[in-house]
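The values are calculated or read from the model by the stated rules, or taken from the named source; none is laboratory data. Just so you know, these numbers come straight off a predicted model, no measurement behind them. Neighbour counts run over all protein chains shown; Cβ positions are idealised from the backbone, glycine included.
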Amino acid sequence: MLFQGVLRKMSTVFDQPIHYFWQLGEDRLHVNQLLGKRLEIQFIGQQCLNCGNERPIFRQGFCRSCFFEIPSAGDWIMRPELSTAHLDKEDRDLAYEKKVQLQPHIVYLANSSHVKVGVTRKSQIPTRWIDQGAHQAMAILEVPNRYLAGITEVALKEQVSDKTSWQKMLTQKEETADLQALYQEVKSLFPEEVREYAVEHPEQWNLHFPVEKTPEKVKSLNLEKEQQFAGQLSGIKGQYLIFEDNRVLNVRSNEGTVIGLNIFNS
């Protein structure tokens, strides 16, 4: 077995195309260089990303007890409108929550399977858009805390979806959307307390992914169920590895899985 380690989401570098890197144990792989090669992936076990114990993964790479205890898995992560650090109110760990919630956040429009609205920390631009497989993106609001970004996202959901269809993101032809025009449409939905933070002249980002062949359909790989998989890598988009036989591995949703990896020239 060539490489072995615990799966974590791939790190990225913004370029044309995006560059992906995979940390497995002590080894750091440049995933773009694996395109066209045959990968053999073996399921070895599971290891919580927080406590490091060999326990079944519950969600987000954490075992069940860690998921319900650690501050980085609080409900406000997925639902930023539930943030309370600006009120000096603790959810699980106020010091952690202040560090994460009380920093600049961005409300954005991104075009992946379709145009959606989303929220992220300013420091996560453009990483957030890369992880979502968005080929167009634009920051439309910059606010001082997560709560304000969250209530804006909720307001904009009246007109713009906040979900991504991963199947469409991977299979459909990338279509251009007029994000500037949509921004002008949705500005009227901004809550009163955030309107002063609207971006006056938003910049559109265009992202290109290393995909050699767009699949016509996709089937998600279940490493725990299949135990072992082999296939030729034909693309990388979002946090998905796309194989020649239309199967895809969502690296993010498999965080905490311990795998073995062999690489062969096809």
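With the structure loaded, tell me whether residue 224 is surrounded by 12 or more Cβ atoms within 10 Å (Cβ to Cβ), not small (Gly, Ala, Ser), not in a strand (DSSP E or B) and not assigned by TED's automatic domain parsing to the domain that holds residue 136 or whether it fails that test.
Judged against the criteria, residue 224 is a match.
Please specify each residue of the range 177-204 satisfying the condition of being hydroxyl-bearing (Ser, Thr, Tyr) and out of contact with any Asp or Glu (no Cβ under 9 Å at 6 or more places or on another chain).
183, 188
In the range 65-85, which residue that is without any contact (Cβ under 8 Å) to a residue 40 or more places away in the chain, assigned to a helix (DSSP H, G or I) and of a type in the set (A, V, I, L, M, F, W, C) is surrounded by the most Cβ atoms within 10 Å (Cβ to Cβ)?
66
Condition first: in a helix (DSSP H, G or I) and either crowded, with 21+ Cβ neighbours inside 10 Å or touching a residue at least 24 places away in the same chain (Cβ under 8 Å) (or both). Now tell me which residues in the range 88-132 satisfy that.
Across the range 88-132, the qualifying residues are 96, 97, 100, 101, 127, 129, 130, 131.
For the range 12-64, enumerate the residues that are polar (S, T, N, Q), assigned to a loop (DSSP other than H, G, I, E, B) and either over 12 Å from residue 256 (Cβ atoms) or in contact with a strand residue (DSSP E or B) (Cβ under 9 Å, 6 or more places away or on another chain) (or both).
Of everything in the range 12-64, those that are polar (S, T, N, Q), assigned to a loop (DSSP other than H, G, I, E, B) and either over 12 Å from residue 256 (Cβ atoms) or in contact with a strand residue (DSSP E or B) (Cβ under 9 Å, 6 or more places away or on another chain) (or both) turn out to be 16, 47, 50, 53.
Can you pull out every residue in the range 30-41 that is under 19 Å from the mean Cα position of the chain (by Cα) and either outside the structural domain of residue 255 (by TED's automatic domain parsing) or of a type outside the set (Val, Ile, Thr) (or both)?
Within the range 30-41, 30, 32 meet the criteria.
Consider residue 243 against the criteria (1) aromatic (Phe, Trp, Tyr); (2) in contact with a Ser or Thr (Cβ under 8 Å, 6 or more places away or on another chain); (3) not assigned by TED's automatic domain parsing to the domain that holds residue 16: it satisfies all of them except one. Which criterion is unmet?
Tallying (1) aromatic (Phe, Trp, Tyr); (2) in contact with a Ser or Thr (Cβ under 8 Å, 6 or more places away or on another chain); (3) not assigned by TED's automatic domain parsing to the domain that holds residue 16, residue 243 fails exactly one: (3).
In the list 163, 157, 168, which residue meets the criterion of being among the basic types (Lys, Arg) and over 18 Å from the mean Cα position of the chain (by Cα)?
So the residue among 163, 157, 168 that is among the basic types (Lys, Arg) and over 18 Å from the mean Cα position of the chain (by Cα) is 157.
Which residues, counting only those in the range 165-189, are among the aliphatic types (A, V, I, L, M) and not in a helix (DSSP H, G or I)?
Once the filter is applied, which keeps residues that are among the aliphatic types (A, V, I, L, M) and not in a helix (DSSP H, G or I), the range 165-189 yields only 177.
For residue 26, only one of the following conditions fails: (1) modelled with pLDDT of 95 or more; (2) surrounded by fewer than 15 Cβ atoms within 10 Å (Cβ to Cβ). What is its number?
(1)
Does residue 17 satisfy being under 30 Å from residue 181 (Cβ atoms) and surrounded by fewer than 16 Cβ atoms within 10 Å (Cβ to Cβ)?
Yes: the conditions hold for residue 17.
Table: residues versus (1) of a type in the set (Lys, Arg); (2) out of contact with any strand residue (DSSP E or B) (no Cβ under 9 Å at 6 or more places or on another chain); (3) in the same structural domain as residue 152 (by TED's automatic domain parsing); (4) within 24 Å of residue 128 (Cα to Cα).
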residue: 185; (1), (2), (3), (4): no, yes, yes, yes
residue: 191; (1), (2), (3), (4): no, yes, yes, yes
residue: 198; (1), (2), (3), (4): no, no, yes, yes
residue: 228; (1), (2), (3), (4): no, no, no, no
residue: 251; (1), (2), (3), (4): no, no, no, yes
